[in-house]
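Single-structure report; data block below.
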Amino acid sequence: MISSEIIKIASDTTNCGIKKKSNLIATSKNKICGDKITVEIEVLDNKIQEMCYETESCIFCQASASLLSKIVKKTNINILRKDVNKINMICKNERIILKSKYKPFKKLFMSKYKERFNCILLPFNALLKAINSAI
């Protein structure tokens with residue numbers, strides 16, 4: 001059963017909706033379940049100023065996108081790239097230890113939702129794809 005906290009996080013659509021203000025846009029699709037997300041980021045001085053997203057996905061992906069869009073603001077893209085790669089590696093292991101910045105994701109990265117980690121990671125991977133397209 002999905003907790004009411006996850007439902008509340010997913011229902012916060014503050015940064016939902018692509019604005020087409022940036023050339024850093026990427027779309028990723030989960031091959032397992034069909035979730036799809038498009039992220040748009042605005043970068044200034046190598047830092048993310050804003051992240052917007054659109055998704056056709058499950059509640060786990062929606063909640064992850066909502067949290068991520070708030071957390072990444074003012075983050076250096078090189079640091080973010082390392083963070084996302086580390087989070088991907090951590091999720092492959094059983095022990096999930098997150099930097100304090102990413103602690104709100106603890107509610108999503110619970111062992112009872114392990115089968116949904118691909119859904120939760122989809123916004124991270126789309127963001128990484130957008131960042132890497134800038135290089």
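Here is a yes/no grid of residues against (1) among the hydroxyl-bearing types (Ser, Thr, Tyr); (2) open to solvent by less than 50 Å² (accessible area, probe 1.4 Å); (3) in a helix (DSSP H, G or I); (4) out of contact with any helix residue (DSSP H, G or I) (no Cβ under 8 Å at 6 or more places or on another chain):
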{"position": "68", "(1), (2), (3), (4)": "no, yes, yes, no"}
{"position": "74", "(1), (2), (3), (4)": "no, no, no, yes"}
{"position": "80", "(1), (2), (3), (4)": "no, yes, yes, no"}
{"position": "85", "(1), (2), (3), (4)": "no, no, yes, no"}
{"position": "89", "(1), (2), (3), (4)": "no, no, yes, yes"}
{"position": "98", "(1), (2), (3), (4)": "no, yes, no, no"}
{"position": "103", "(1), (2), (3), (4)": "no, no, yes, yes"}
{"position": "106", "(1), (2), (3), (4)": "no, no, yes, yes"}
{"position": "113", "(1), (2), (3), (4)": "yes, yes, yes, no"}
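Residue by residue, here is whether (1) in contact with a helix residue (DSSP H, G or I) (Cβ under 9 Å, 6 or more places away or on another chain); (2) farther than 16 Å from residue 130 by Cβ; (3) of a type outside the set (S, T, N, Q); (4) without any contact (Cβ under 8 Å) to a residue 24 or more places away in the chain holds:
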residue	(1), (2), (3), (4)
13	yes, yes, no, no
18	no, no, yes, no
28	yes, no, no, no
34	no, yes, yes, yes
39	yes, no, yes, no
45	no, yes, yes, yes
50	yes, no, yes, no
55	yes, no, no, no
62	yes, yes, no, no
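What are the residues in region 10-40 that are at pLDDT below 95, open to solvent by less than 50 Å² (accessible area, probe 1.4 Å) and among the β-branched types (Val, Ile, Thr), if any?
Within region 10-40, 18 is the sole residue that qualifies.
What number of residues within region 78-120 are aliphatic (A, V, I, L, M) and in contact with a Lys or Arg (Cβ under 7 Å, 6 or more places away or on another chain)? Before you say what the answer is, go through the steps one by one.
Filtering region 78-120 down to residues aliphatic (A, V, I, L, M) leaves 79-80, 84, 87, 89-90, 96-98, 108, 110, 120.
With in contact with a Lys or Arg (Cβ under 7 Å, 6 or more places away or on another chain) added as a condition, the list becomes 98.
Total satisfying the criteria: 1.
The values are calculated or read from the model by the stated rules, or taken from the named source; none is laboratory data. Predicted, not measured: the structure shown is a model, and the values here were computed from it. Backbone-built Cβ (ideal geometry, glycine too); neighbour counts: all protein chains shown. Accessible surface areas use protein heavy atoms only, side chains included; no ligands, DNA or RNA. Shrake-Rupley method; radii C 1.70, N 1.55, O 1.52, S 1.80 Å.
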